[in-house]
Amino acid sequence: MKKNICVFLLFAFTSAIFSQHNQLNLHSKVIYMEYKNYKSLKKSGNKVIDSIGFNIVKSDTLIIINGYDEKGVKVLYEEKDSIFLERYKQLVFNKKYQKKEERLKPRMKIWKDEVKIYFDKSVSQYNSKKLSKFIHYLDNEIDSLKITVVKDKEKSNYLIYSIDDTNDVNLDIRIKGNDGYYLLWNNKQNIYSCSLKINAKKNLNAEQVLTNLKVNFIRSLGYFYQELDYSDCNSYFSICKSDKKEFGTKDLEILKYHYSYGICKGTNLETFEKNHKDAKESIKKGNTKFYFIHSE
């Protein structure tokens, strides 16, 4: 089985002085890779890569590599400030409330393949039309996330259905609440299936129903946790109830970053924080560029 490998490379430009009749100051590019990533690539058997030396930086062994053809997608590290990163880590990894004794830690999850949405006949025309407009907006705004609405249920991987006072047929019994969603993902943390239930009963007005639908839809794009901070109740990621929520620029930034390839995918919190620490230290040195290579 192929592994989904994400490694980062340090492109360092070093100076060398040669002497013939005159001294020339030449710059050569040296590529470093962390030892653990070097071992993973060698072990996977799908890369031909040679070590031509190593360097020790703050107790970390960096392998000087040769013969790496950079197959896959090479993306420059996307730097973010600490305020944004703390919010992102809460939404993706539930950092503040993650139990230390838990054996299974939350991992970053994305839809890698196209999200193909099918609206069951139980969904009102109003809700399907409004959500379709929202889907079109997200599809245009986020490069690495492809979302479409399909008319054939057999060609879909995302089912949306509704429960109201006249229709109590729960099409996915795994969704226990009045509304919500149920996701499936593989061992690479790629989501490949979802069912979403709408609570459209008469005790809720139309705007509340639509807001809950949009909030659940956004959360299903990354199995996001919710923020317990009530200071920004309008955010789609806030746990507080409100039919006046807006998917603003800060929420969009979270989703864009989640689907950015300037970070590794499928990681846990520990790996995510280490990658950012290493990247920021590299950038501070001023003589390196920090890339992530995404390959399968």
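Summary of computed values
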| read-out | value |
| --- | --- |
| Values of log10 I(q)/I(0), in the order q = 0.17, 0.18, 0.20 Å⁻¹, for the stretch 109-224 under a Debye, Cα-only, solvent-free model | -0.81, -0.91, -1.13 |
| Solvent-accessible heavy-atom area per residue, rounded to whole Å², over the stretch 179-296 at 1.4 Å | 46 |
| Cut-off 19 Å (backbone N to label point 7 Å along Cα→Cβ of THR166), residues of the stretch 108-137 | 120-129 |
| Whole-percent carbon and sulfur share, accessible surface of the stretch 109-224, 1.4 Å | 45 |
| Segment LEU252-CYS233, length gained on full extension (0.36 nm per residue, minus Cα span) | 5.3 nm |
| ASP152 - accessible surface, heavy atoms, 1.4 Å probe, Å² rounded to 10 | 70 |
| Accessible-area order (highest first, 1.4 angstrom probe) of the listed residues LYS89, LYS201 | LYS201, LYS89 |
| Over 32 Å between alpha carbons, listed pairs LYS89/LYS133; LYS95/LYS176; LYS96/LYS129; LYS96/LYS214; LYS245/LYS284; LYS133/LYS284 | LYS96/LYS129; LYS245/LYS284; LYS133/LYS284 |
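The values are calculated or read from the model by the stated rules, or taken from the named source; none is laboratory data. Predicted model, so just to flag it, every value in this text is computed and none were measured. All Cβ positions, glycine included, derive from the backbone under ideal geometry; neighbour counts span all protein chains shown. Keep in mind that these areas ignore ligands, DNA and RNA; they rest on the heavy atoms of the full protein, side chains included. Shrake-Rupley method; radii C 1.70, N 1.55, O 1.52, S 1.80 Å.
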